[in-house]
Amino acid sequence: MKTKAKLIASLKIWLAIYPSITFFLYLFGEALSVLPLYQRTLLLTLSLVPWIVFVGVPFVDSVIGRFLPTKQN
């Protein structure tokens, strides 16, 4: 994978992760605050990694795809 493709992929992932983590912590942050850090991190990653992989990044791809022209062969 070339550097430009890696940068684009990392930007797409960040665009999915940042709002997801922010919203998750907004909803559950207070309830999770009583848990030790390692348990909070475990719950956060167990719930958000599948969300990012199966929903977040595909959503970002579809939104970006609407604004970028497709290559015609």
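Every read-out reported here was derived from the displayed coordinates using simple, explicitly stated rules and does not represent laboratory data. From a predicted model like this one, the values you see are computed outputs, not experimental measurements. Heads up, the Cβs are rebuilt from the backbone with ideal geometry, glycines too, and the neighbour counts pull from every protein chain shown.
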Requested in this report: With +1 on each Lys and Arg Cβ and -1 on each Asp and Glu Cβ, and nothing else charged, work out how big the dipole of the chain is about its Cα centre, in Debye to the nearest 20.
Outcome: 460 debye
Query - Residues ILE21, ILE52 arranged by fewest to most Cβ contacts within 10 Å - result: ILE21, ILE52
Report task. Work out the FRET efficiency for THR45 and TRP14 from their Cβ-Cβ distance, taking R0 = 22 Å, and round it to the nearest 0.05. Result -> 0.85
Query raised in the report: Where does helix 3-32 land angle-wise versus the long Cα axis of the chain, in degrees 0 to 90, nearest 10?
Result: 30 degrees
Query raised in the report: Which FRET efficiency value, to the nearest 0.05, do you get for PHE54 and MET1 by plugging their Cβ-Cβ distance into 1/(1 + (r/R0)^6) with R0 = 25 Å?
Result: 0.75
Requested in this report: Return one number: the angle in degrees, 0 to 90 and rounded to the nearest 10, between the long axis of the Cα atoms of helix 57-67 and the longest principal axis of the Cα atoms of the chain.
Outcome: 40 degrees
Report summary line: Two pseudo-spin positions, 7 Å from Cα along C-beta at LEU27 and at PHE67, lie apart in nanometres by 2.5 nm
Query raised in the report: Would you list LEU48, LEU68, LEU27 from fewest to most Cβ contacts within 10 Å?
Result: LEU68, LEU27, LEU48
